[in-house]
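*Asks:* Handing you a structure now.
The values are calculated or read from the model by the stated rules, or taken from the named source; none is laboratory data. Quantities reported herein were computed from a predicted structural model and do not represent experimental measurements. As a convention, Cβ positions derive from the backbone with ideal geometry for all residues, glycine included, and neighbour counts pool all protein chains shown.
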Amino acid sequence: MPTIAHLLAVPSVGGYYCEDLAALQSRPMPVAERYAAPGVTPGFRRVREVAEAVSVGLVLDNGRVAWGDCVAVAYSGKAGRWPVFRADEGIAAVRQVVAPALAGQSVAEFRTLAAKIDGLVETAVVERPAEAPHDRRAGGVSRRDLLTGRFLRGDGGESPRMERVAVTRPLHTAVRYGVSQALLQATALARGLTMAEVIAEEWELPLPSEPVPIHAQSGGDRYANVDKMIARRVASLPHALVDNIPEQLGRDGSGLVQYARWVKERIQALAGSDYRPTIHLDVHGALGQVFDNNLGKVLGVLYALETAVRPYALRVECPVMMDSRDAQIDAMRTLRQYVRARGMGVHLVADEWANTLDDIRAFVDAQAADMIQIKMPDLGSVHNTVDAVLVCKQSGVGAFLGGSCAETDISARVSVHVALAARPDIVMAKPGMGVDEAVMLAQNEMGRALAEIGQRCHTNSTGRTS
């Protein structure tokens with residue numbers, strides 16, 4: 001079996017932008033202003049920045065190169081997610097930490113090497129607030145410091161006193177994500193299989209034989225892009241950005257209800273009765289903001305949305321966004337109980353705070369969602385995503401294999417193969433927000449992979465090609 005001779009790491013770009021969601025939801029901000037406005041979430045230099053990426057190439061000793069792309073999600077640094085990914089930091093991590101760990105390794109198996117990458121750590125120098133002054137006699141913060149707030153201000157100044165310290169931490173999720181993509185591709189090359197077949201074999205899953213339904217996202221072009229989705233007959237639509245709450249939701253959520261009704265009417269106007277997509281709305285916690293997290297009022301909007309889209313099924317993603325995972329789980333579980341008590345059919349989708357495999361297990365165990373968006377870049381190594389899909393399926397929770405508009409063509413293709421093997425309910429078309437390109441990529445990659453798998457199965461069963 002081939003082994004890894006050395007690694008390549010080059011700066012790349014994602015298919016969209018990283019945007020500071022906290023800044024966008026604090027006040028309406030025209031797109032043109034976002035490129036210059038300073039960010040408020042740590043890590044953001046501007047409210048909107050081109051998504052940075054790193055292409056990692058595993059050079060095998062037979063001369064072949066397997067590629068993966070390190071990239072994060074558009075709304076980084078929010079709801080427990082890692083901060084904005086910077087290509088220079090990613091390249092340094094790949095060269096200093098990943099390359100020595102993978103040099104000479106056989107690519108015969110994906111899952112073992114992926115877990116190894118997920119466990120790597122790096123030493124980094126970070127800046128953080130200096131430790132608060134302590135009263136030596138009391139062994140803690142003095143009463144004077146508490147009363148004056150001096151312990152928050154360092155040496156009495158207006159700004160906290162900062163210090164630079166060395167910390168040991170896991171590699172950024174983007175690095176783990178991209179390197180594991182390359183490992184999966186390398187194993188597929190070594191075995192002469194598709195990436196989907198590698199996953200199916202290593203997790204002992206059935207070989208893929210059918211495509212997975214596609215979910216599309218409209219971005220800020222909430223109307224014209226719906227037409228594209230209907231024309232392409234995607235299974236789930238339109239997602240739609242919520243980055244201007246007054247305009248897109250209104251003071252009482254009625255703007256969102258009007259939009260949902262328009263989506264239904266547009267489907268009926270452009271498609272036949274045999275096209276029955278699910279209407280899926282991601283509000284990024286905006287309903288909670290509008291109603292100060294009053295779940296009874298949020299429920300009222302969910303009821304109005306469900307009424308507006310009939311006869312189509314409705315999913316609403318992240319209706320509220322709380323300040324911690326536990327609070328998010330509690331709010332989502334309570335809201336889901338309210339929905340069921342009223343006999344409503346809307347399905348609630350968890351996204352924010354469901355960032356890791358452990359997070360997803362916590363949401364599943366708490367019965368806090370009908371479906372979970374498994375946001376691939378947030379989970380780090382690809383093997384975690386496979387496990388997350390299977391955890392959801394085994395528990396009867398819908399699995400939405402998602403990710404971000406900020407991803408790349410390579411990470412999107414890998415996602416398709418994960419979907420074919422692990423069989424989530426839907427898979428997101430990505431990257432970008434143009435609809436056509438992302439849906440094309442997902443459909444065509446699925447078609448090619450299934451044709452290759454089918455041909456190989458036929459050959460193996462007959463002993464000859466046809």
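*Asks:* Among the residues of segment 375-397, count how many are without any contact (Cβ under 8 Å) to a residue 60 or more places away in the chain and either over 14 Å from the mean Cα position of the chain (by Cα) or outside any helix (DSSP H, G or I) (or both).
*Replies:* Looking only at segment 375-397, we keep the residues that are without any contact (Cβ under 8 Å) to a residue 60 or more places away in the chain, and these are 385, 387-389, 391-397.
Among the residues that remain, those that are also either over 14 Å from the mean Cα position of the chain (by Cα) or outside any helix (DSSP H, G or I) (or both) are: 387, 391-397.
Looking only at that region, the number is 8.
*Asks:* Just give me the residues in segment 256-281 being among the small types (Gly, Ala, Ser) and modelled with pLDDT under 95, in sequence order. Spell out how you get there, then give the answer.
*Replies:* Our first condition is that a residue be among the small types (Gly, Ala, Ser); within segment 256-281, this holds for 260, 269, 271-273.
Scanning segment 256-281 gives 272, 273.
*Asks:* Out of the residues in segment 56-90 meeting the condition of being among the aliphatic types (A, V, I, L, M) and touching a Cys at 6+ places or on another chain (Cβ under 9 Å), tell me which one is surrounded by the most Cβ atoms within 10 Å (Cβ to Cβ). Talk me through it step by step, then tell me what you get.
*Replies:* At the first step, the residues of segment 56-90 found to be among the aliphatic types (A, V, I, L, M) are 56, 58-60, 65-66, 71-74, 79, 84, 87.
Restricting the remaining residues to those that are touching a Cys at 6+ places or on another chain (Cβ under 9 Å) gives 56, 72-74, 79, 84, 87.
Values: 56: 29, 72: 31, 73: 27, 74: 25, 79: 21, 84: 25, 87: 20.
If we take residues in segment 56-90 being among the aliphatic types (A, V, I, L, M) and touching a Cys at 6+ places or on another chain (Cβ under 9 Å), then 72 is surrounded by the most Cβ atoms within 10 Å (Cβ to Cβ).
Let's see how each residue does on (1) in a loop (DSSP other than H, G, I, E, B); (2) in the same structural domain as residue 53 (by TED's automatic domain parsing); (3) in contact with a Gly (Cβ under 6 Å, 6 or more places away or on another chain):
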{"position": "373", "(1), (2), (3)": "no, no, yes"}
{"position": "413", "(1), (2), (3)": "no, no, no"}
{"position": "416", "(1), (2), (3)": "no, no, no"}
{"position": "419", "(1), (2), (3)": "no, no, no"}
{"position": "434", "(1), (2), (3)": "yes, no, no"}
{"position": "446", "(1), (2), (3)": "no, no, no"}
{"position": "455", "(1), (2), (3)": "no, no, no"}
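*Asks:* Can you confirm whether residue 437 is out of contact with any strand residue (DSSP E or B) (no Cβ under 9 Å at 6 or more places or on another chain) and of a type outside the set (Ser, Thr, Tyr)? Lay out the reasoning, then the answer.
*Replies:* Details: out of contact with any strand residue (DSSP E or B) (no Cβ under 9 Å at 6 or more places or on another chain): no; of a type outside the set (Ser, Thr, Tyr): yes.
Judged against the criteria, residue 437 is not a match.
*Asks:* If you scan segment 203-222, which residues turn out to be in contact (Cβ under 8 Å) with a residue 40 or more places away in the chain and either over 29 Å from residue 453 (Cα atoms) or not assigned by TED's automatic domain parsing to the domain that holds residue 451 (or both)?
*Replies:* Filtering segment 203-222 for residues in contact (Cβ under 8 Å) with a residue 40 or more places away in the chain gives 203, 205, 207-221.
Of everything in segment 203-222, those that are in contact (Cβ under 8 Å) with a residue 40 or more places away in the chain and either over 29 Å from residue 453 (Cα atoms) or not assigned by TED's automatic domain parsing to the domain that holds residue 451 (or both) turn out to be 218, 219, 220, 221.
*Asks:* Further, regarding this structure: Residue check: is residue 399 touching a Cys at 6+ places or on another chain (Cβ under 6 Å) and either hydrophobic (A, V, I, L, M, F, W, C) or not assigned by TED's automatic domain parsing to the domain that holds residue 322 (or both)?
*Replies:* Details: touching a Cys at 6+ places or on another chain (Cβ under 6 Å): yes; either hydrophobic (A, V, I, L, M, F, W, C) or not assigned by TED's automatic domain parsing to the domain that holds residue 322 (or both): yes.
In short, yes.
Residues are listed down the side, and each one gets a yes or a no for (1) over 20 Å from residue 242 (Cα atoms); (2) touching a strand residue (DSSP E or B) at 6+ places or on another chain (Cβ under 6 Å); (3) modelled with pLDDT of 95 or more:
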| residue | (1), (2), (3) |
| --- | --- |
| 309 | no, yes, yes |
| 312 | yes, yes, yes |
| 317 | no, yes, yes |
| 320 | no, no, yes |
| 330 | yes, no, yes |
| 336 | yes, yes, yes |
| 346 | no, yes, yes |
| 350 | no, yes, yes |
| 360 | yes, yes, yes |
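*Asks:* Here's something else I'd like to know. Would you please list the contacts, defined by Cβ atoms under 6 Å and residues six or more apart or on different chains, that run from a residue in segment 269-294 that is closer than 20 Å to residue 219 by Cα and assigned by TED's automatic domain parsing to the domain that holds residue 257 to a residue that is of a type in the set (Ser, Thr, Tyr) and part of a loop (DSSP other than H, G, I, E, B)?
*Replies:* 279/312
*Asks:* I need the helices (runs of 4 or more DSSP H) fully contained in segment 1-107, keeping only those with at least 2 residues that are within 25 Å of the chain's Cα centre (by Cα).
*Replies:* 21-26, 31-34, 87-93
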